[in-house]
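S.K.: Dropping the structure in here first, questions after.
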Amino acid sequence: MPDPLSRAVSSSVFQWDASVPSIVTHAVSDMAQYGIFLAVLVVGLGALWAAGGSPRDRVVRTVLRLLPGILAVGIALVAAHFIGQVLPEARPFVALGQQPLFPHAADASFPSDHVSGGMAMLAARVGRGTKALTVVIVALVGAARVLAGVHWVDDIVGAAIIGLAIGWVISTAWSGVFAGRLRARTA
């Protein structure tokens with residue numbers, strides 16, 4: 001077991017039995033598996049909401065707002081896969097010999113693809129409220145994946161750091177490229 005927090009909660013959290021109401025298991029399972037799509041929806045709608053102008057301008061602005069986030073997600077997912085190959089860590093359900101809340105491959109646990117990609121999405125140019133809501137959703141996805149027994153707590157924390165770092169680099173580079181182009185056009 002990689003981290004002390006996971007070790008402390010493993011005996012109670014990673015076990016799902018008939019005593020847990022099915023609505024709870026379904027909610028955790030659904031958030032763990034599909035919650036990331038809610039975060040994508042929030043980011044996409046936030047970019048659309050922030051774009052103004054004619055319908056054509058709105059589409060172009062929305063795409064330009066989303067491109068850095070899409071690029072950051074792609075890089076974060078590749079980085080997460082590479083890290084998982086280099087530093088393989090058994091998933092909780094494998095290490096503890098238990099069943100996860102939903103069927104899952106017994107591949108590397110560290111880092112979480114869902115959380116690294118979700119946090120990298122924050123590179124998209126959307127409003128602060130949308131970013132805050134996205135962070136909350138991705139945090140809930142991470143917590144649900146721990147509760148479902150498919151990730152350790154440090155998988156989620158590490159993935160958040162990786163995703164945020166990649167998102168920041170892409171966002172900063174994207175801003176630099178467009179700021180340079182704007183200066184060149186006005187000079």
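S.K.: So between Asp30 and Val78, what do we pick up on full extension, going 0.36 nm a residue minus the alpha carbon distance?
M.R.: Values: separation 48, 0.36 × 48 = 17.28 nm, distance 2.44 nm.
Length gained between Asp30 and Val78: 14.8 nm.
S.K.: Which of Thr134, Thr172, Thr62 has the fewest other C-beta atoms within 10 Å, and how do the rest follow up to the most?
M.R.: On the way: Thr134 24, Thr172 12, Thr62 21.
With the fewest neighbours first, Thr134, Thr172, Thr62 line up as Thr172, Thr62, Thr134.
S.K.: May I ask you to compute the full-extension gain from Leu45 to Val177, defined as 0.36 nm times their residue separation minus their alpha-carbon distance, rounded to one decimal in nm?
M.R.: Values: separation 132, 0.36 × 132 = 47.52 nm, distance 2.46 nm.
Length gained between Leu45 and Val177: 45.1 nm.
S.K.: Same structure again: Based on DSSP H assignment, which helices of the chain show an axial Cα extent of at least 18 Å together with a mean Kyte-Doolittle hydropathy greater than or equal to -0.5?
M.R.: Details: long enough: 22-50 (39 Å, 1.48); 55-86 (46 Å, 1.07); 128-147 (28 Å, 1.45); 153-186 (49 Å, 0.98).
Membrane-span-like by this rule: 22-50, 55-86, 128-147, 153-186.
S.K.: Same structure again: May I ask you to order 20-30, 86-96 by the average number of other C-beta atoms within 10 Å around their residues, highest value first?
M.R.: Values: 20-30: 13.2, 86-96: 16.7.
Descending mean neighbour count gives 86-96, 20-30.
All of the numbers you see were taken from the coordinates with simple rules; none came from a lab. Since the structure is predicted, the reported quantities are computational estimates derived from the model, not experimental observations. Cβ atoms come from the backbone with ideal geometry, glycine included; neighbour counts cover every protein chain shown.
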